[in-house]
Amino acid sequence: MLSNRESARNGRARTMANPRFTYLRQLMGNDWVDTNVFGENPQHLLGRWQKNNEANPWVPYVEELTKALLTNKNIQLDTATLAQKVDADFESTLAEMEVAVFLSAQGLSIVVEPTAPERGPDLRADWNDTSYFIEVRAVGDSEEDDRFNSISREIFTKLNAVASSYTAMITVGDEYTPASQPLRKATDALLSGLEILKTENWKRATLYYSTSGTLMSPHGDYTGSSAGSSALKTKHQSIVEAADFVVRFRNVGEERTKTAASMSREFKRQLEPDKTHERLKKILNKKRAQLPKGIKGDHRSRRVRAFHVE
């Protein structure tokens, strides 16, 4: 019987003897394709698609796009630049490849990365005497969504390492940002609250945290009905009102290897409009400033236009 290492080596030899994806190999190199697409533990998205399902349509689709880019006389590109982008920023580059091939099929002449090695638009599409500088941009999450998703992952990672019989419903304010000191302090308060719960064996509790102070309210949300002086109650109430990081704990009755949690944003009484279009305008204006000197605006023999593709 062959060892695993010998089997892998023979498999690699077969791949090299009968190479698949000729044009992708031409662009990226045999070693890159064998490692990142057909390797044992691929990290590149193409390889993860292939490993998940050998009959997936995406890798052959990328091969067809690559073939079109490398063989179409109406498309100019620097293969080294494109290979670097495929390796480092594949999803965005895939969208650019699609747009380049599509516009070429409509009869336009395409230049990929027309200002390389300087920063600039993704494509230049020429039609008669008009050049269009194109920025291909996928409209993803807003900056606010990115912030919220990042801090959620950061907190969940910490809670996944803590065994407990509690769940945590977390409400977080707008001022917290990923990997920041305020978020670390709030997370520390959350973990300390879990330790108190384990010691006291409370069924429910609510943690209120802000830079103004921390309050752990046993048995649920703070109501002000607990024993204590009026001055102490006033202090507790001020902490509750100022809290921008609130955690509601509930005992589920059985110890688990992780502390399950959910995240929500702080409630806003006045809704705010989505500003994705403003973000796209800023991106496009920055790209306009990167156009080559001397071709901005209308000119005698060439008109220049810039727009984005979502």
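Where a number appears in this text, it was derived from the coordinates with a stated rule and is not lab data. For clarity, every value in this text was computed on a predicted model and none was experimentally measured. Here Cβ is always computed from backbone atoms with ideal geometry, including for glycine, and neighbour counts include all displayed protein chains.
In the range 74-222, a dipole from Cβ-located charges (positive for Lys and Arg, negative for Asp and Glu) runs towards its positive end, and of L103, I170, N201 it is N201 whose Cα lies farthest in that direction.
State to the nearest 20 debye the size of the charge dipole of the range 167-232 about its Cα centre, where the only charges are +1 on K and R beta carbons and -1 on D and E beta carbons.
On the way: 5 positive and 6 negative charges, 33 e Å.
So the magnitude is around 160 debye.
Can you give the local net charge around T22? Use residues other than it whose beta-carbon is closer than 10 angstrom to its beta-carbon, Lys and Arg +1, Asp and Glu -1.
Details: positive: R20, R25, K67; negative: E63.
Here the charged neighbours net out to +2.
Could you compute the net charge surrounding N36? Neighbours are other residues with a C-beta less than 12 Å from the C-beta of N36; K and R count +1, D and E count -1. Could you put the intermediate results ahead of the total?
Details: positive: R25, R48, K51; negative: D31, D34, E40, D87.
Summing Lys and Arg as +1 and Asp and Glu as -1 gives -1.
Taking amide H atoms as placed 1.01 Å from N in the peptide plane, the amide H of S131 lies under 5 Å from those of R303, R305, each 5 or more residues away in sequence or on another chain. Pairs of Lys residues in the range 143-265, spaced 8 or more positions apart or belonging to different chains, with C-alpha separations under 24 angstrom: 10 in total.
Put a plus charge on the Cβ of each Lys and Arg, a minus charge on the Cβ of each Asp and Glu, and nothing anywhere else: the dipole of the range 45-122 about its Cα centre is then about 140 debye.
Only four residue types carry charge here, +1 at the Cβ of Lys and Arg and -1 at the Cβ of Asp and Glu. Report the dipole size of the range 212-260 about the Cα centre in Debye, rounded to the nearest 20.
Details: 6 positive and 5 negative charges, 10 e Å.
Magnitude of the dipole: close to 40 debye.
Computed over the range 143-265, the alpha-carbon pair-distance distribution with 5 angstrom bins reads 2, 11, 22, 23, 19, 13, 7, 3, 0, each value a whole percent.
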